[in-house]
Amino acid sequence: MYNRYDIFDDLLGLKGEIEKFFTDNPQPGRRYDHPYVNVYESGDSIQVRALVPGVKPEDVDIQLVDNNLVIEGEKKSDYSERPYIRKERSFGRFKKSIRMPFRVDPGRINATIKNGILTVALVKSEDAKPRKITIG
Amino acid sequence: MTTELRKLNNREEVVLVPPVDIYETGEAYILKCEMPGVDRENIDVTLNNHELEINGRVSAEYAGDAGTVYSEYRLHNFSRKFTVDDSINTGAIQATLYNGILSITLPKSEKVKPRKIEIAMEK
């Protein structure tokens, strides 16, 4: 059966659209926890780079927990008691867990902070590498 | 038409606007600007006709996206402009970079600095 076109159907349809706008959960935007991280992979090594401008190396704690890299720390406030003209930066504690794409060697993790970027270099663990099994 | 638009689009480089705090002391305005991934020698601070311009070029090691398997940010060059007035002593501006934070000190010129007024003795 064909539907008969009626302009009021469109109007009522619009009402539905508007209601949907208010009732549906808004699409969660691309909001990530601080600090923002990128993960790079090349061969057997992984590099995690996090944006941590203003964070001192001694205020960052990195752990490998169950193949998750956990970055925890604090961006200490450098606010002064002076009157502010503009205040756009944010401070505070952060904790973030990043799942590694493969098992990593806990003994070979290197972390450095340079120009406000934390770089953590990890290497694939030996027992995660493919192994040839000879048939006896 | 479309090729022209594309050309125009290519020319427009993506830049990031770095977050900035500015506060005022008796002696100066202090500006703190977050620019992660920028080396000291790749930062340009210029003052021209009451316009303070900050430009920072992101190091090549952070700009590429080769081998990315997960991404929450993309670094681009940073750029920001501020208008300053005559109250700045333009000859004595200082800038330092520490851990991705660029700090700029804009000293106030003598005529706008707070000044202690001596009270003359009663005769």
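Express the carbon and sulfur contribution to the solvent-accessible surface of the stretch B:73-117 as a percent, rounded to the nearest whole number, probe 1.4 angstrom.
49
To the nearest 500 deg cm²/dmol, what mean residue ellipticity at 222 nm is calculated for the protein assembly as shown from DSSP H runs of n ≥ 4 alone, each contributing -39,500 (n - 2.57), summed and divided by the residues? One gets -3500 deg cm²/dmol as the mean residue ellipticity at 222 nm. Stokes-Einstein diffusion for the protein assembly as shown at 20 °C, viscosity 1.002 mPa s, with a Kirkwood radius from C-alpha pairs, works out to 93 µm²/s.
Over chain B, Cα pairs under 8 Å with separation of 6+ residues give a relative contact order of 28 percent. Solvent-accessible surface (1.4 Å probe) assigned to B:S109 amounts to roughly 20 Å².
The tail of the calculated P(r) for the stretch A:43-136, taken as Cα-Cα distances beyond 17 Å, holds 58 percent of the pairs.
Positive-end ranking of B:P107, B:V14, B:A66 along the dipole of the stretch B:9-114, with charges on Cβ about the Cα centre, is headed by B:P107.
Note down the Stokes-Einstein diffusion coefficient of chain B in µm²/s, whole number, using a Kirkwood radius over alpha carbon pairs, 37 °C, and 0.692 mPa s. So the translational diffusion coefficient is about 189 µm²/s. Per-residue shielding of B:61-72, expressed as the average number of other chain Cβ atoms within 10 Å of the residue Cβ, stands at 6.
The angle separating the long axis of helix B:2-11 from the principal Cα axis of greatest extent in chain B is about 50 degrees. Stokes-Einstein diffusion of the stretch B:46-92 at 25 °C, 0.890 mPa s viscosity, Kirkwood radius from Cα pairs, rounded to a whole number: 183 µm²/s.
Beyond 16 Å, the tail of the calculated P(r) for the stretch A:83-136 holds 67 percent of the Cα pairs. For the protein assembly as shown, the dipole from Cβ point charges (+1 on Lys and Arg, -1 on Asp and Glu) about the Cα centre works out to 400 debye, to the nearest 20.
The values are calculated or read from the model by the stated rules, or taken from the named source; none is laboratory data. Source: prediction; values computed, not measured. Note: ideal-geometry Cβ built from the backbone for every residue, glycine included; neighbour counts use all protein chains shown. Quick note on the areas: whole protein, heavy atoms, side chains included, nothing else; ligands and nucleic acids left out. Shrake-Rupley method; radii C 1.70, N 1.55, O 1.52, S 1.80 Å.
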